[in-house]
1. Could you check segment 143-160 and list, in sequence order, the residues that are within 30 Å of the chain's Cα centre (by Cα) and in contact (Cβ under 8 Å) with a residue 60 or more places away in the chain?
2. SER318 - would you say it is touching a helix residue (DSSP H, G or I) at 6+ places or on another chain (Cβ under 6 Å) and of a type in the set (S, T, N, Q)?
3. Of the conditions (1) more than 10 Å from the ligand (Cβ to nearest atom); (2) hydroxyl-bearing (Ser, Thr, Tyr); (3) open to solvent by 20 Å² or more (accessible area, probe 1.4 Å); (4) touching a helix residue (DSSP H, G or I) at 6+ places or on another chain (Cβ under 7 Å), THR557 satisfies every one except a single condition; which number is it?
4. What residue, among those in segment 50-74 that are crowded, with 23+ Cβ neighbours inside 10 Å and in a strand (DSSP E or B), is farthest from the chain's Cα centre (by Cα)?
5. So which pairs qualify, if the first residue must be in segment 469-497 and in contact (Cβ under 8 Å) with a residue 40 or more places away in the chain and open to solvent by 10 Å² or more (accessible area, probe 1.4 Å), the second must be assigned to a strand (DSSP E or B) and aliphatic (A, V, I, L, M), the Cβ gap must be under 8 Å, and the two must be at least 6 apart or on different chains?
6. If I go through segment 671-690 residue by residue, how many of them are open to solvent by 20 Å² or more (accessible area, probe 1.4 Å) and either within 14 Å of the ligand (Cβ to nearest atom) or closer than 13 Å to GLU735 by Cα (or both)?
7. Restricting attention to segment 494-515, and to residues there that are among the hydrophobic types (A, V, I, L, M, F, W, C) and within 13 Å of the ligand (Cβ to nearest atom), which single residue is farthest from ALA578 (Cα to Cα)?
Amino acid sequence: MNDMTPPKDERAVALKGLGASRKRVEDVRFTQGKGNYVDDLKLPGMLFGDFVRSPYAHARIKSINSEKAKALPGVVAVLTAADLAPLNLHWMPTLAGDVQMVLADGKVLFQGQEVAFVVASDRYVAADAVELVEVEYEELPVVVDPFKAQAPDAPVLREDLAGKTSGAHGPRRHHNHIFTWEQGDRDATEKVLSSADVVAEEMIYYHRTHPCPLETCGCVASMDKVNGKLTVHGTFQAPHAVRTVASLISGIAEHNIRIISPDIGGGFGNKVGVYPGYICSIVASIVTGKPVKWIEDRMENLMATAFARDYWMKGRISATKDGRITGLSCHVTADHGAFDACADPTKFPAGFFNICTGSYDIPVAHLAVDGVYTNKAPGGVAYRCSFRVTEAAYFIERMIEVLAIKLGMDAAELRTKNFIRKEQFPYQSALGWEYDSGDYHTAWDKALKAVDYTGLRREQAERIADFKAGKTRQLLGIGLTHFTEIVGAGPVKNCDILGLGMFDSCEIRIHPTGSAIARLGTISQGQGHATTFAQILATEIGLPADDITVEEGDTDTAPYGLGTYGSRSTPVAGAATAMAGRKIRAKAQMIAAYLLEVHDDDVEWDIDRFVVKGAPERFKTMKEIAFAAYNQAIPGLEPGLEAVSYYDPPNMTYPFGAYICVMEIDVDTGEHKIRQFYALDDCGTRINPMIIEGQVHGGATEGYAIAMGQEIAYDEIGNVKTGTLMDFFLPTSWETPHYTTDFTVTPSPHHPIGAKGVGESPNVGSVPAFSNAVHDAFRAFGLTQSHMPHDHWRIWKVAHDLGMHG
Ligand code: CDP
């Protein structure tokens, strides 16, 4: 190096690469109101669509009269299933291999179902016209309970499937049954359970909830009849998949469809699926020749799009007397609503629920999931979780607590005793996964020490004594969780969505002056990809992150990818980014060697440059190399400096974490106060610690909402009781607890930079921590299980049923 060359560490810091808490580049526009969301888009001549929706959960449609609506000035069209039928667009395929009505075809199956689509010159006229469409319904018996739905005399919900004894995932044994999915060894598990020292059995319910992003779903479809090109701007978490599906459904050639996801105000799984609004807007634009905008309102978003969870999980777990777990059985009754529209990889109708052995070395296990139709909205999305992983984590973390009660054992000790040990990785689980890496004991010990677990238990014992002596009405709950996630779908050999393999991609173009643009197949919805993916590249190619633009979401420019959900961006597209960066570096090495007049093997990489081995004063920086790539004729090399990588991960990544919640509970009012929440996450190599912390705060707050009050609740005739934000709990800063974050680092052995995903972890891990805290507070008074959400009334009821109100 010459005297002017800054030292290595200074050069590394200047890049703002891996490990830097680089400020989010996106926030400059977001914090100034300069984001560009779908509803900001205004195209010349644009029309507006709005839905007539069913007030009933189950009813036959006797007639639809849209004459009065059509007569309203400004109304351009009113579409019904009869209008879509000639195009064969009145039904559409779902992500789960089922079909779903785009507009009600003969009957409605859930409250809020789309019945007709009004297109008008403005949003207000469209809303007024919706009121003028007259629909005559004949009510039918409603089923909202998935167990009652399976009774022999239960009403037939899906008349279109009458007589079909098999569906997309195998045999159906009842007219409201969708599939049975089994994993593991049933016989071996039953054998262990029937002869075990101790067996704990419990029904664990993870209630129906909803991602509720701040921005609802919507799109603007614009068919240009002159050049035959359809452009759809929309809130899409997987723009390329939407393009392919739109082409297959509409018959429009894929190169004539452009899908653009602009800024997205939170997705959390809500924006993975395809909704009737997208189809109707596209059809309306084709029919009218004008752009058509459709934006959901909040009630529509809560009532009719993509619910999450609704899993009834019957568990049995066995152990030796001293607390060594020997077997696990789980049977899930999965309420999928009216259409099976779950967003899961094709071969996994219950997502990755078979991660339900959790962080524990369980020798034998069996899982069976039954999907069932009910009169509720379809969807079944991974609400900030990797395909049913949060249900699985909740199940096992509750079962561990239930087993600890049965054994009369401390739940922290029971976990320590049964964790998969560090030396067992890669670990083959009884339900079929190969966990890539982990060090659970180190994380757990760190967490217990950080909260002074022994001290907390001492304090709790004193509190119980004081309560029994009548000195206090406040209980103390210590909620423990050690979760293992599975993220990064996924290897193409076993993960696809509608036949599209779940790889991902990155394309990099280095400009002559040494700055760059990287385009990816993913799409940020607030996770900060533009910040963090530039950091991966900065470290890989030695150009400052500030000089690298990251672009996502436009299918005309970005390479094909399967999008962002289930924390797959870092494990898959992040890996593609590193691999594309390495291709750039490989070519840069040849250019550097040529410029330095040495053999390729005689130069080595040094932070932001190639240096001649043994003569570090002779070097070429990446900036110099980039320029040379465009202005020098280098023998044997094409001009330019670009690369693309399509990355098919060899395995998922398995982030994990230890979360502890300390909660005060008032026995008389059911009110709670989170005294402390400690979240330790291990997501392997950490790209941006500040963004990770933000992800944890956000996810844990969603988890808090889910565990403590958030619910999509129905009455017995299928009315949604929580269709507004007055009833649906969305925490504000007032309710949000304070979080302490921590970490360990156990890199993924197969990811190019050792990173695992993190976005989902805090939602997955925090729900059982909050819920276990409630249960733990009442453990000494005889509580084993009470269902979420633990709102004030339910907590009060627990205390009441335990006879604590005198
Ligand atoms: O797929 P999604 O972006 O929702 O989730 P993710 O891959 O877990 O990433 C969420 C955010 O955290 C992204 O900005 C990542 O780059 C960042 N992250 C990180 O800094 N380090 C990790 N090991 C994992 C994620």
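1. VAL143, VAL144, ASP145, PRO146, PHE147, ALA149, GLN150, LEU157, ARG158
2. Judged against the criteria, SER318 is a match.
3. THR557 satisfies all of (1) more than 10 Å from the ligand (Cβ to nearest atom); (2) hydroxyl-bearing (Ser, Thr, Tyr); (3) open to solvent by 20 Å² or more (accessible area, probe 1.4 Å); (4) touching a helix residue (DSSP H, G or I) at 6+ places or on another chain (Cβ under 7 Å) except (4).
4. The selected residue is ALA59.
5. Correct list of pairs: GLN474/ILE665.
6. Counting residues in segment 671-690 that are open to solvent by 20 Å² or more (accessible area, probe 1.4 Å) and either within 14 Å of the ligand (Cβ to nearest atom) or closer than 13 Å to GLU735 by Cα (or both) gives 9.
7. Within segment 494-515, the match that is farthest from ALA578 (Cα to Cα) is MET502.
The rows are residues; the columns are (1) hydroxyl-bearing (Ser, Thr, Tyr); (2) more than 30 Å from VAL283 (Cα to Cα).
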site: MET4; (1), (2): no, yes
site: ASP9; (1), (2): no, yes
site: LYS16; (1), (2): no, yes
site: SER21; (1), (2): yes, yes
site: ARG29; (1), (2): no, yes
site: ASP39; (1), (2): no, no
site: LEU47; (1), (2): no, no
site: VAL52; (1), (2): no, no
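The values are calculated or read from the model by the stated rules, or taken from the named source; none is laboratory data. All figures in this text were calculated on a predicted structure; none of them were measured in a lab. Using ideal geometry, Cβ is built from the backbone for each residue, glycine included, and neighbour counts are taken over all protein chains shown. Surface accessibility is based on the protein's heavy atoms, side chains included, excluding ligands, DNA and RNA. Shrake-Rupley method; radii C 1.70, N 1.55, O 1.52, S 1.80 Å.
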